[in-house]
1. Return the residue satisfying two criteria in turn: it lies in the stretch 113-156 and is aromatic (Phe, Trp, Tyr) and crowded, with 17+ Cβ neighbours inside 10 Å, and of such residues it is nearest to the chain's Cα centre (by Cα).
2. I need the full set of residues from the stretch 168-201 which are more than 20 Å from residue 82 (Cβ to Cβ), touching a Lys or Arg at 6+ places or on another chain (Cβ under 7 Å) and open to solvent by less than 10 Å² (accessible area, probe 1.4 Å), in order please.
3. Across the stretch 1-32, what is the number of residues that are charged (D, E, K, R) and away from ligand 2 (no atom under 16 Å from the Cβ)?
4. Which condition does residue 393 not pass, out of (1) at pLDDT below 95; (2) surrounded by fewer than 17 Cβ atoms within 10 Å (Cβ to Cβ); (3) within 11 Å of ligand 1 (Cβ to nearest atom); (4) of a type outside the set (Ser, Thr, Tyr), if it passes all the others?
5. Please work out which residue is farthest from ligand 1 (Cβ to nearest atom), limiting yourself to the stretch 302-335 and to residues that are assigned to a loop (DSSP other than H, G, I, E, B) and surrounded by 21 or more Cβ atoms within 10 Å (Cβ to Cβ).
6. Could you list, in sequence order, the residues of the stretch 125-144 that are among the aliphatic types (A, V, I, L, M) and under 13 Å from residue 394 (Cα atoms)?
7. Can you spot a residue in the stretch 104-124 that is within 11 Å of ligand 2 (Cβ to nearest atom) and free of Cβ contacts under 8 Å to residues at least 24 places away in the same chain?
8. Just a yes or no: is a residue in the stretch 188-196 part of a loop (DSSP other than H, G, I, E, B), touching a residue at least 40 places away in the same chain (Cβ under 8 Å), under 18 Å from residue 79 (Cβ atoms) and of a type outside the set (Val, Ile, Thr)?
Amino acid sequence: MKLGCIGDDFTGSSDLANTLSKAGMRAVQYTGIPSSPASADVEAGVVALKSRSIAVDEAVAMSLEALAWLKAQGCQQFFFKYCSTFDSTAKGNIGPVADALADALDADRVIVCPAFPGAGRSIYQGHLFVNDTLLNESGMENHPLTPMRDSSLRRLMGAQSKHSVGLVPASKVFAGADAIAEHLRTERESGHRMIVVDALRDDDLIEIGKAAKDLPLITGGSGVALGLPANFGCVPKAAAWRGQKGKAVVLSGSCSAATRGQIEHHLKANPGLKIDAEKVIAGEQSAQEVARWLMQAPDLPIAYSSADPDEVQRVQDVFGMEKSAAALETFFGKTAQHLVALGATRILTAGGETSGAVVEALELSTLEIGPEIDPGVPALRAGENLVIALKSGNFGSIDYFEKAAGVLGGD
Ligand SMILES: Nc1ncnc2c1ncn2[C@@H]1O[C@H](COP(=O)(O)OP(=O)(O)O)[C@@H](O)[C@H]1O
Ligand SMILES: O=C(O)[C@@H](O)C(=O)COP(=O)(O)O
């Protein structure tokens, strides 16, 4: 294995594996830290952790354990993947995990670059934009678990990391890889160890990738991984894919504006079952019944707890954020177990935490990366008769669900 990656959630990990795979690396996503060595032909291993919203100490410990496994597989460079919208709690796990990995790898200058222009995330003067709005005005300020109320990556990272945070501004990035590498050194000499790097276009990310050739640790979104495979001599190629026919179903716990729009569109032509969060928390909703309903419903049925910010707030006011999230995630995990037992072969999930809960409940240890469905979302083979797609809340076109079922089916 050449490139060792640690993802702080499951959709994010498949997003990164997708980028690496498209750029020519044989990439595999692992659920948690594997207990055995990787297959010899894997070039990029992505260890997916559900560490974005857990306690800081736990996130750091898990990430260091993942690093140790990746080191043992012979990796020469390491990547810490977090969200392109820098999703983190008020205490923030991104900074402490990046600090711990930097210490373990003796990395003296660490790129911080969540940019993903293909999905509308760009960084200018250290501020993160989602399309034409600042992060904290993009809807991310209402996220159920990680509301983002600032757009300054220097301030956000500065509050989380123990190190001073510098910047490689767009003017240096536009000047290319050598200028970026030089400014990274300058920022280091000025006392900054964590260094935000502006990026507005894929071309910028390719140059940042070249500049990162000899850095032991890179952190960011999947975008900044665009240029890394070329450093290992890899060239872009299409992922091999064997489609899977059979019953396809959708499970959604994502409350993002993008997912809610996709659900509204999907319900015009497909059956849907709204999951009542209060009933789930009270133990009055049966996962088995929901799975049965999905298996018997025609077309591409969806079960969703997805709700607008007011509804989420009401639930959280009564039951608390952690309790409601845990109950719903466990519920979707159990529903997925019943679905597989009933013969579902294509499972589409929406939401990072929701997807993590489903993948963990199904004990899908290794995911093979297939073709891209929409930017940041690959088709995944999880077993002989099971394919899945893990959609980040914010990703996907309006007709994503139909499209994903088609790609998973090999259409
Ligand atoms: N109706 C609801 N009320 C409260 N919380 C909810 C509701 N529906 C989903 N959630 C929780 O909100 C969180 C959404 O996060 P996630 O699955 O990561 O989606 P996204 O990718 O959009 O961030 C999950 O923990 C989920 O269980
Ligand atoms: O970088 C991204 O935006 C995604 O890869 C990601 O991390 C998704 O997280 P969720 O929005 O919680 O699914």
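1. Among residues in the stretch 113-156 that are aromatic (Phe, Trp, Tyr) and crowded, with 17+ Cβ neighbours inside 10 Å, the one nearest to the chain's Cα centre (by Cα) is 116.
2. 180
3. Of all residues in the stretch 1-32, those charged (D, E, K, R) come to 2, 8-9, 15, 22, 26.
Add one more test, that the residue is away from ligand 2 (no atom under 16 Å from the Cβ), and what stays is 2, 26.
Within the stretch 1-32, residues that are charged (D, E, K, R) and away from ligand 2 (no atom under 16 Å from the Cβ) number 2.
4. (2)
5. To start, the set of residues in the stretch 302-335 that are assigned to a loop (DSSP other than H, G, I, E, B) comprises 305-308, 320.
If we keep only those that are surrounded by 21 or more Cβ atoms within 10 Å (Cβ to Cβ) as well, we get 305-306.
On the way: 305: 4, 306: 6 Å.
Residue satisfying both the conditions and the ranking: 306.
6. First, the residues of the stretch 125-144 that are among the aliphatic types (A, V, I, L, M): 128, 130, 134-135, 140.
Within the stretch 125-144, 130, 135, 140 qualify.
7. The answer is yes, given that some residue of the stretch 104-124 is within 11 Å of ligand 2 (Cβ to nearest atom) and free of Cβ contacts under 8 Å to residues at least 24 places away in the same chain.
8. Restricting attention to the stretch 188-196, the residues satisfying the condition of being part of a loop (DSSP other than H, G, I, E, B) are 190-193.
Checking which are touching a residue at least 40 places away in the same chain (Cβ under 8 Å) leaves us with 192-193.
Pick out the ones that are also under 18 Å from residue 79 (Cβ atoms) and you get 193.
Filter once more, so that each one left must be of a type outside the set (Val, Ile, Thr): 193.
Taking every residue of the stretch 188-196 in turn, at least one turns out to be part of a loop (DSSP other than H, G, I, E, B), touching a residue at least 40 places away in the same chain (Cβ under 8 Å), under 18 Å from residue 79 (Cβ atoms) and of a type outside the set (Val, Ile, Thr).
The values are calculated or read from the model by the stated rules, or taken from the named source; none is laboratory data. Computed from a predicted model, the values in this text were never measured in an experiment. When we count neighbours, we look across all protein chains shown, and the Cβ atoms used for this are built from the backbone with ideal geometry, even at glycine. We work out accessible area using only protein heavy atoms, side chains counted, and drop any ligands, DNA or RNA first. Shrake-Rupley method; radii C 1.70, N 1.55, O 1.52, S 1.80 Å.
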